[in-house]
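Here's the structure, in structure tokens; my notes come after.
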Amino acid sequence: MLRVEELNAGYKELHILFNIQAKVPDKEVTLFVGPNGSGKSTLLKAIFGLATIHSGKVFLNDWDVTYLPPYKKARIGVVYLPQVENIFTNLTVEENLKMAGYILDESAYPDNLELALNVFPELKQLMKRKAGTLSGGERQFLAIAMALIRKANLLMLDEPTAQLSPKLTDVIFKKIAYLRDELNLTIALVEQNVLKALEVSDNAYVLISGRLVFQGKAKEVKEHKDFKKLCMGIC
């Protein structure tokens with residue numbers, strides 16, 4: 001579904017990514033890992049249009065979307081969920097979900113809402129709560145539910161388990177696997193919890209200092225002889 005070719009990107013004059021070539025196959029989870037500061041989050045932002053692209057191309061289903069602005073990418077089903085500030089904290093859960101459907105035909109919203117709440121039934125008892133009062137895990141449930149309401153085709157998740165308990169981390173990864181297996185979503189995932197993420201991923205790319213150093217099936221990355229050095233910066 002997604003193809004990145006010779007991508008060089010960063011923030012204004014700052015160059016962070018160098019000649020990135022990557023593919024995110026349809027209906028699979030593709031993981032991007034590497035030590036802190038390796039450029040993983042910048043890659044998702046560049047794909048979505050929130051970072052400066054110096055050169056290279058981004059294709060979605062063979063359509064060149066390199067310089068398509070984020071709001072237009074959102075309208076064609078590309079959803080980027082940052083680690084923080086991915087919900088409206090001053091609105092209720094119900095209002096957040098309604099906001100997510102602003103680009104839909106009014107008739108489509110009820111069915112999409114039902115789908116989102118079927119995936120995240122935990123939200124049903126929280127509809128009147130202010131989103132700012134939710135726990136970290138509940139906020140992630142809400143953020144991903146909003147993506148489902150927007151009819152995501154490509155879901156890009158940036159550190160969805162950051163600062164969550166081990167129990168909630170397991171729940172989030174199970175939800176990610178469900179989204180792929182049952183809803184056929186295509187997912188690009190950036191995650192520091194490498195071992196857990198590899199268990200639910202199909203493919204993986206390893207970045208170090210803004211450059212790709214390894215790519216392959218998730219199992220191949222896990223079994224690589226330099227796994228700790230590649231993925232966690234451990235020498």
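The values are calculated or read from the model by the stated rules, or taken from the named source; none is laboratory data. This structure is a prediction, so every number in the text was calculated from the model and none was measured. In this analysis, Cβ positions are derived from the backbone assuming ideal geometry, glycine residues included, and neighbour counts consider all displayed protein chains. Accessible surface areas use protein heavy atoms only, side chains included; no ligands, DNA or RNA. Shrake-Rupley method; radii C 1.70, N 1.55, O 1.52, S 1.80 Å.
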Once the in-chain neighbours fewer than 8 apart are removed, the aspartates and glutamates whose Cα is under 19 Å from K175 read D26, E28, E114, E122, E138, D158, E159, E191, E199, D202
To the nearest 20 debye, segment 1-111 has a Cα-centred charge dipole, built from +1 on Lys and Arg Cβ and -1 on Asp and Glu Cβ, of 360
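Quote the charge dipole size of the chain about the Cα centre in Debye, to the nearest 20; the model charges only the Cβ of Lys and Arg (+1) and of Asp and Glu (-1).
On the way: 30 positive and 27 negative charges, 88 e Å.
Around 420 debye, computed over the chain.
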Rh (Kirkwood, all Cα-Cα pairs) for segment 48-175, Å, reads 15.5
With +1 at each Lys and Arg Cβ and -1 at each Asp and Glu Cβ, the charge dipole magnitude of segment 81-208 around its Cα centre, to the nearest 20 debye, comes out at 320
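Can you compute the helix-only [θ] at 222 nm over the chain? Use -39500 (n - 2.57) per DSSP H run of at least 4 residues, normalise by all residues, nearest 500 deg cm²/dmol. Could the numbers behind the result be given before it?
On the way: 9 runs with 84 residues, N = 235.
Result for the chain: -10000 deg cm²/dmol, rounded to the nearest 500.
What's the FRET efficiency of A162 with E199 using the Cβ-Cβ distance as r and R₀ = 22 Å, to the nearest 0.05? Don't skip to the answer; put the middle values down first.
On the way: r = 18 Å, r/R0 = 0.80.
Efficiency at R0 = 22 Å is approximately 0.80.
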Long-range amide H partners of A51, meaning residues 5 or more apart or on another chain whose placed amide H is closer than 5 Å, are A46
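For a test of the definition: using alpha carbon positions, the gyration tensor, and the 1.5 limit on a/c, classify segment 4-88 as rounded, prolate or oblate. Numbers along the way, then the final one.
Details: a/c = 1.22, a/b = 1.10, b/c = 1.11.
Rounded, since a/c falls under 1.5.
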FRET efficiency (R3, K72; Cβ distance; R0 25 Å; to 0.05) is 0.85
Listed residues M146, M99, M156; largest mean-square fluctuation, Gaussian network over the chain with Cα springs below 10 Å, found at M99
Which of L117, L91, L198 fluctuates most in a GNM of the chain (C-alpha springs under 10 Å)? That residue is L91
Rounded to a whole %, the carbon-and-sulfur portion of the accessible area of the chain at a 1.4 Å probe is 51
